[in-house]
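Note sheet for the following structure.
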Amino acid sequence: MIRIISLLTFFFLFTFLECKSQGCVATRGSSVCGGGMGSSINLKEGEFQFQSGFRYFKSFRHFRGDHEEANRVAEGTEVINHSSFLDLTLNYGITDRIFVNTTIPFVYHTRSSMYEHGGNPPAPGLGERHKTTSNGLADIRVGIGYWLFDPLDNEYNYSITLGAKLPSGSYDYKDLFYNQGANRNVDIETVVDQSIQPGDGGTCLNIDIQGYHPINHEIGISSNVFYMANPKETNGIKTRTGTMEYSCPDQYGGRLGAFYNSMDGWNIYLGGRFEGVPSSDIIGGSAGFRRPGYAVSVEPGAGYFYKGFAAFLSAPIAMYRNRVQSYDDIQKTNAGVFTNGDAAFADYLVSFGLSYRFGGSH
């Protein structure tokens, strides 16, 4: 039983490590993959679980469709995003099967480019590389979930969670851009790129489905999938060039993998994951500036469990990346001009999580 509890703890500490696309195609805190929904497994009535999750990636490989534009790195004109995320989550068991939680996220981004600061070389582009940054509170998430089966009667279980993402993060964060204006001789403070905005300005509804299925006392399978619907079409903030407003896109993601309990307290994990932003939203309009696309990754990980404490480290490695056509790209293509914008993706993502259970009858 202890080994099974250890397995289940890791299943859902792991789902707490947020699904977040690795680069300019950026999802923003997405419930089961980012809100710690699944970590409520085995919470008793009145029991709490506190979690913290840290993630980091560096995006720099440009894709247009699923074709990598390797010349961008070779020529030194790639856009480089360094992105760090810290999520603080509190789960609470209302009953043995109903749970609620709140996640308070923080972000820190730096973005280095040439095209935003006078243009890429050759001339007339200036070829000067500069940085913009953003940091602070991101979009808070809340949710309530229900386990479909009585945990006392079943070793396996699945839950459905309904949640919301609130527009608490700044979506008009500004920094200094160099070499602006017609003559490229003016430095202007204006909004940073959408990929490093702490929030998107939309109030979102999301649904999460997750489950676990122990094979035996050493091996188990976990899965989770989510979709976050953002009814708001745009947030009213125009891009740096003033040509379009930022879109408020939907988000999606999921994981499937297996854990192996190699010794008391130690676990290893191997699975696959996908995450992305669609071109068109299921509720509301899809206009505005967005970089839709998705990444598929293989994800190895390892962790340690002791009493109420758990830690987990994973490093998803991107195997396939695709910057699909945006709504605007599709409109231009339908008008006779094929268009498919680009986006920068990361090679890998580093995730680290901690959790501690207390209170109730635990």
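Results, tabulated for the structure shown:
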read-out: Interatomic Cα distance distribution for segment 178-304, bins of 5 angstrom, percent; value: 2, 9, 14, 15, 13, 10, 10, 9, 7, 5, 3, 2, 1, 0
read-out: Positive minus negative residues near Gly285 (Lys, Arg vs Asp, Glu; Cβ under 14 Å); value: -3
read-out: Expected 222 nm ellipticity per residue - DSSP helices of 4 or more, -39500 (n - 2.57), all of the chain, to 500; value: -2000 deg cm²/dmol
read-out: Cα gyration tensor shape for segment 191-241, rounded if a/c is under 1.5, else prolate or oblate; value: prolate
read-out: Ranked packing of 305-313, 288-296, most packed first, by mean Cβ within 10 Å; value: 288-296, 305-313
read-out: Calculated from backbone phi, Karplus (6.51, -1.76, 1.60) coupling profile of segment 285-290 in Hz, x at Gly/Pro; value: x, 10, 6, x, 7, 8
read-out: Candidate lysines for bridging to Lys44, where Cα separation is under 29 Å - those fewer than 8 sequence places away on the same chain excluded; value: Lys165, Lys307
read-out: Inter-label distance, nm, simple model (7 Å from Cα along the C-beta direction), Asn185/Leu162; value: 6.1
read-out: Reach of Lys131 by Cα under 17 Å, taken over lysines that are not fewer than 8 positions away in the same chain; value: Lys58, Lys174
read-out: Part-to-part distance (alpha-carbon centres) for segment 303-361 and segment 50-111, which is given in Å; value: 6
read-out: The chain: angle of helix 2-16 to the longest principal axis, Cα-based, in degrees nearest 10; value: 20
read-out: When the convex hull of its Cα atoms is projected in every direction, mean area for segment 115-264 (nm²); value: 13.4
read-out: Reachable aspartates and glutamates, given that their alpha-carbon falls under 14 Å from the alpha-carbon of Lys238 and they are not under 8 places away in the same chain; value: Asp172, Glu189, Asp193, Asp200
read-out: Electrostatic dipole magnitude of the chain [Cβ: Lys, Arg +1; Asp, Glu -1; Cα centre; debye, to 20]; value: 360
read-out: For segment 2-357, alpha-carbon Rg relative to the globular expectation (2.2 N^0.38 Å, N residues); value: 1.02
read-out: Length-normalised contact order for the chain - Cα pairs under 8 Å, 6+ apart - percent; value: 21
read-out: Descending semi-axes in whole angstrom, ellipsoid equivalent of segment 103-183, from the Cα gyration tensor; value: 47, 15, 10
read-out: Electrostatic dipole magnitude of segment 93-211 [Cβ: Lys, Arg +1; Asp, Glu -1; Cα centre; debye, to 20]; value: 400
read-out: Nonlocal amide H pairs with Gly136, under 5 Å, H built at 1.01 Å; value: Val107
read-out: For the chain, built as a Gaussian network whose Cα springs stay under 10 Å, the top-fluctuating residue of Arg255, Arg240, Arg321; value: Arg240
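Computed from the coordinates by the stated procedures, all read-outs in this text should not be read as laboratory data. Computed from a predicted structure; not experimentally measured. Positions of Cβ are generated from backbone atoms using ideal geometry, with glycine treated the same way; all protein chains shown enter the neighbour counts.
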